[in-house]
Amino acid sequence: MNAPTPAGARISIIGAGPGGLTCARVLRQHGIAVTVYDRDPDAYSRDQGGSLDLHEEDGQLALREAGLLEEFLALARCESQEMRRFDPAGRLLGHHLPDAGETSRPEIDRGQLRDLLLRSLDAGTVRWGHTLESVSGPADGPRTLTFTDGSTVETDLVIGADGAFSRVRAAVSDAVPRYTGAGFLEAWFDDMESAHPELSALVGQGSAHVADGARGLFAQRNSGGHMRVYIMRRAPLDWITASGLAPQDTDGIRAHLLDEYAGWAPRILRMITENDGAYVDRPLFALPVPHTWRHSPGVTLLGDAAHLMPPLGVGVNLAMLDAAELALALAGSATVDDAVHTYEKTMLPRSAETAAMLEGGAGFLLEEPDADELARFGESGAGPGHGEQPVVGH
């Protein structure tokens, strides 16, 4: 088969998350047709997760290529760059306040970012209710996408932007995500100023982190007076059932947590005891390091499908950078195959290097800070896990 030109190719993106939608938007900016397939029945069928901080050097760079940076900055919460670090006794160890006009890492709710990207695409670009079952076809293409409803689509390039448990990945790699041994319980808080004023004052406008070497808490303000707390612990994957509990047993899980966090200050424990509704179990998974694959015509990956790592503030930013670079490679190459080669030549080494730095990083979320870390925290606002949504185990 002759390698198709990007302008004449049938390009399919699997996954309408920030990475997939960014790739689609940049492609459309360059006049290249694309279709996005997503398993959700519509754009608003499920909660999109917490707040994200988009960095100038990757996430914001991708939005600039998408022509959406100014709209993003109008929506983003620059005040949420504030970060606080406490010890379990409730003493403030470090505090970063953003400078006036600072836009290095402003926050935006994941749902707001998705809406921004969706509004930028032509109607019909995203095909909802399409759950991918498999990718098949000859190595030199075209490839066939088979969906769980029995429908099929023939495509010249399939881009796997379908996250941690990607179905596209199997077309190029045997790698599967592994449990890291650590996990989060997510707790939601509503109407912070009226219903949770003490906790609101503790956390401030951005985020707050507490850890003692074995356990941690990470609180993150969202828009609209909401907040999420991630209760971070090393635990077996089946810890809830092994403890004789059920996922919806909020009182039982709370009692279990309070036993684990015994001795922590009451003002800190509000992050465990005042949540509105059930806890959500979010075990953390990662791909083997490094995760690479032999180049395959017509298939490539971006974001968590390519390089799933611990949630230390890089995942969405790297996914959006991947997306923009792949789209720009397609816009600037003679053939689809040339574009994929160009993209993977940069993306694979970058993701391997980043993954190596973060390998085992889930444990970093639980560590007590040393003097050097606190100094860096105060100077730059660097904080573990800031703005990153943990991976949900399926």
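The values are calculated or read from the model by the stated rules, or taken from the named source; none is laboratory data. Keep in mind it's a predicted model, so treat the numbers as computed, not measured. Cβ coordinates were reconstructed from backbone atoms using ideal geometry, including for glycine residues, and neighbour counts include every protein chain displayed.
Can you go through ALA182, ALA175, ALA214, ALA201 and tell me which one is in contact with a His (Cβ under 8 Å, 6 or more places away or on another chain) and surrounded by fewer than 24 Cβ atoms within 10 Å (Cβ to Cβ)?
ALA175
Rundown of residues vs (1) farther than 30 Å from LEU217 by Cβ; (2) out of contact with any Ser or Thr (no Cβ under 8 Å at 6 or more places or on another chain); (3) of a type in the set (S, T, N, Q), yes/no style:
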| residue | (1), (2), (3) |
| --- | --- |
| LEU93 | no, yes, no |
| SER104 | no, yes, yes |
| ARG110 | no, no, no |
| PRO142 | yes, no, no |
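Can you tell me which condition ALA331 does not meet? The list is (1) surrounded by fewer than 19 Cβ atoms within 10 Å (Cβ to Cβ); (2) small (Gly, Ala, Ser); (3) touching a residue at least 60 places away in the same chain (Cβ under 8 Å); (4) out of contact with any His (no Cβ under 9 Å at 6 or more places or on another chain), and all the others hold.
Checking ALA331 against (1) surrounded by fewer than 19 Cβ atoms within 10 Å (Cβ to Cβ); (2) small (Gly, Ala, Ser); (3) touching a residue at least 60 places away in the same chain (Cβ under 8 Å); (4) out of contact with any His (no Cβ under 9 Å at 6 or more places or on another chain), the one that fails is (4).
Quickly run through the range 133-143 and pick out the residues that are loosely packed, with under 14 Cβ neighbours inside 10 Å and in a loop (DSSP other than H, G, I, E, B).
If the condition is that a residue be loosely packed, with under 14 Cβ neighbours inside 10 Å and in a loop (DSSP other than H, G, I, E, B), then PRO138, ALA139, ASP140 are the ones that fit.
Only residues that are closer than 25 Å to LEU21 by Cβ and assigned to a helix (DSSP H, G or I): list them for the range 155-214, please.
Result: ARG169, ALA170, ALA171.
Going through ALA171, ALA164 one at a time, which residue ends up being touching a helix residue (DSSP H, G or I) at 6+ places or on another chain (Cβ under 9 Å) and either under 23 Å from SER296 (Cβ atoms) or among the aromatic types (Phe, Trp, Tyr) (or both)?
When all the criteria are applied, what remains is ALA164.
So HIS130 passes all but one of these: (1) surrounded by 14 or more Cβ atoms within 10 Å (Cβ to Cβ); (2) in a strand (DSSP E or B); (3) not polar (S, T, N, Q). Which condition number does it fail?
Evaluating HIS130 over (1) surrounded by 14 or more Cβ atoms within 10 Å (Cβ to Cβ); (2) in a strand (DSSP E or B); (3) not polar (S, T, N, Q) leaves (2) as the failure.
How about the range 227-253: which of its residues are without any contact (Cβ under 8 Å) to a residue 40 or more places away in the chain, closer than 23 Å to PRO311 by Cβ and touching a helix residue (DSSP H, G or I) at 6+ places or on another chain (Cβ under 7 Å)?
Of everything in the range 227-253, those that are without any contact (Cβ under 8 Å) to a residue 40 or more places away in the chain, closer than 23 Å to PRO311 by Cβ and touching a helix residue (DSSP H, G or I) at 6+ places or on another chain (Cβ under 7 Å) turn out to be MET227, PRO236, PRO247.
Of (1) surrounded by fewer than 20 Cβ atoms within 10 Å (Cβ to Cβ); (2) among the small types (Gly, Ala, Ser); (3) modelled with pLDDT under 95, SER243 satisfies all except one. Which?
(3)
Restricting to the range 122-157, and then to whatever is of a type in the set (D, E, K, R) and modelled with pLDDT of 95 or more, can you tell me which residue is nearest to PRO41 (Cα to Cα)?
Taking the candidates together, the pick is ARG127.
Just to verify a result, which residue in the range 1-28, among those that are assigned to a loop (DSSP other than H, G, I, E, B) and either in contact with a Leu (Cβ under 8 Å, 6 or more places away or on another chain) or not small (Gly, Ala, Ser) (or both), is modelled with the lowest pLDDT?
MET1
Within the range 101-113, count every residue that is within 21 Å of the chain's Cα centre (by Cα) and more than 13 Å from GLY59 (Cα to Cα).
3
For the range 221-230, give me each residue that is farther than 26 Å from PRO177 by Cα and in a strand (DSSP E or B).
Correct list: ARG221, MET227.
Go through the range 231-262 and give me each residue that's part of a helix (DSSP H, G or I) and among the β-branched types (Val, Ile, Thr).
Scanning the range 231-262 gives ILE240, THR241, THR250, ILE253.
If you go through the range 274-294 one residue at a time, how many are under 25 Å from ASP191 (Cα atoms) and surrounded by 14 or more Cβ atoms within 10 Å (Cβ to Cβ)?
Selection size over the range 274-294: 7.
If I go through the range 263-282 residue by residue, how many of them are touching a helix residue (DSSP H, G or I) at 6+ places or on another chain (Cβ under 9 Å) and in a strand (DSSP E or B)?
Qualifying residue count, the range 263-282: 1.
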